[in-house]
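Beneath this line is the structure, given in structure tokens, with notes to follow.
Laboratory data are not the source of any read-out in this text; all were calculated from the coordinates shown. In this text the structure is predicted, and so the values were computed from the model without any measurement. Ideal geometry is used to build each Cβ from the backbone, glycine not excepted, and the neighbour counts take in all protein chains shown.
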Amino acid sequence: MTLLTFRFAPSPNGELHLGHAYSALLNQKLAKATAGRLLLRIEDIDTTRCTPEFEAGIFRDLRWLGLDWEEPVRRQSEHFDVYEAALDRLIREELVYPAFMSRGDIRAFIADSEKRGRHWPRDPDGVPHYPAQDKALPIKERKRRIADNAPFAWRLDVEAAVARAGKPLAWAEFTDETLGAMRPVEARPRDWGDVIVARREIPTSYHLAVVVDDALQGISRVVRGQDLFSATGVQRLLQEVLGLPQSSYFHHRLILGPDGRKLSKSLGDSGLAALREAGVQPNEISRLVGF
Ligand code: GLU
């Protein structure tokens, strides 16, 4: 029988907080309960926001919490070539296109269209969809702009990808923390519009790196926060068009701050390092997050 494989995949772009502690400890608990594996993955593709100091903080906090993971730890910034190969495939198969509009261009375009009474679609995070213009640019014009060093991002042509998948997609979602039962969830990648899959200077994005790594590392159970629930629809589509295996998912509850809002990495007082310095013990952290 193959072992179940879990992973905790933080980004070193801030300090870990109670929400991360819950996610890490839940993954550990499930791996132990099933005699499975627990991997740690450092998601540091954003080389402008991720720092070695934050990464060191992650290791320090997780060791303090008593997490134990298999070595070696996969650091995404060491595998850009792997993501680039997946991107090349999407380029070859014409499932992505270079998108040249800056944030300002997008805003102006949408404002103009809304002024004329058109309702503009927004993604589940409230971000307006990318306008379709660039999808229609002639190849010659794309090449000219790229040769001229115009900034751009590779965006998924979600319609083309959905058509390529050729069937409705779904993923298996566990219904509670014990991972006792699953239900199918319809993947709705169109809700996100044409998401960014890579940037000119970084040959990947969060979505692309996650599906490539989950497949490469044989992750069978993705246990992560509810905030990523609908992003799973895009990831499911990418798995399908890249021919990658699927995992099963559990999107767990979020730990909220005293104000009832999602914790953010800039919230000092729910940061694990601050709690440790204030004398809080690791077993109290488990209790604080509801174990
Ligand atoms: N790296 C992501 C984060 O820190 C989590 C990715 C995932 O679990 O799929 O929010």
message: Take the conditions touching a strand residue (DSSP E or B) at 6+ places or on another chain (Cβ under 8 Å) and within 22 Å of residue 121 (Cα to Cα) and apply them to residue 197. Does it pass?
response: yes
query: Among (1) surrounded by 16 or more Cβ atoms within 10 Å (Cβ to Cβ); (2) farther than 22 Å from residue 201 by Cβ, where does residue 53 come up short?
result: (1)
message: Restricting to region 180-212, name every residue that is within 13 Å of the ligand (Cβ to nearest atom), crowded, with 22+ Cβ neighbours inside 10 Å and outside any loop (DSSP other than H, G, I, E, B).
response: 208, 209, 210, 211, 212
message: Go through (1) in a strand (DSSP E or B); (2) surrounded by 15 or more Cβ atoms within 10 Å (Cβ to Cβ) for residue 235 and report which single condition fails.
response: (1)
- request: For region 97-104, state whether one or more residues are on the phi > 0 side of the Ramachandran plot and more than 22 Å from the chain's Cα centre (by Cα).
  value: no
query: Any idea which residue in region 12-50 is farthest from the chain's Cα centre (by Cα), counting only those that are surrounded by fewer than 20 Cβ atoms within 10 Å (Cβ to Cβ) and within 11 Å of the ligand (Cβ to nearest atom)?
result: 14
query: From the residues in region 137-160 that are among the charged types (D, E, K, R) and surrounded by 12 or more Cβ atoms within 10 Å (Cβ to Cβ), which one is nearest to residue 103 (Cα to Cα)?
result: 155
Unmet requirement for residue 81, which otherwise passes all of (1) surrounded by 13 or more Cβ atoms within 10 Å (Cβ to Cβ); (2) under 21 Å from the mean Cα position of the chain (by Cα); (3) more than 16 Å from the ligand (Cβ to nearest atom): (1)
- request: Pick out the one residue from 228, 254 that is under 25 Å from residue 15 (Cα atoms), in contact with a Gly (Cβ under 6 Å, 6 or more places away or on another chain) and within 16 Å of the ligand (Cβ to nearest atom).
  value: 254
- prompt: Which residues, counting only those in region 1-11, are near the ligand (Cβ under 10 Å from one of its atoms) and outside any strand (DSSP E or B)?
  reply: 9, 10, 11
message: For the condition within 16 Å of residue 154 (Cα to Cα) and not small (Gly, Ala, Ser), what is the one hit in 195, 211?
response: 195
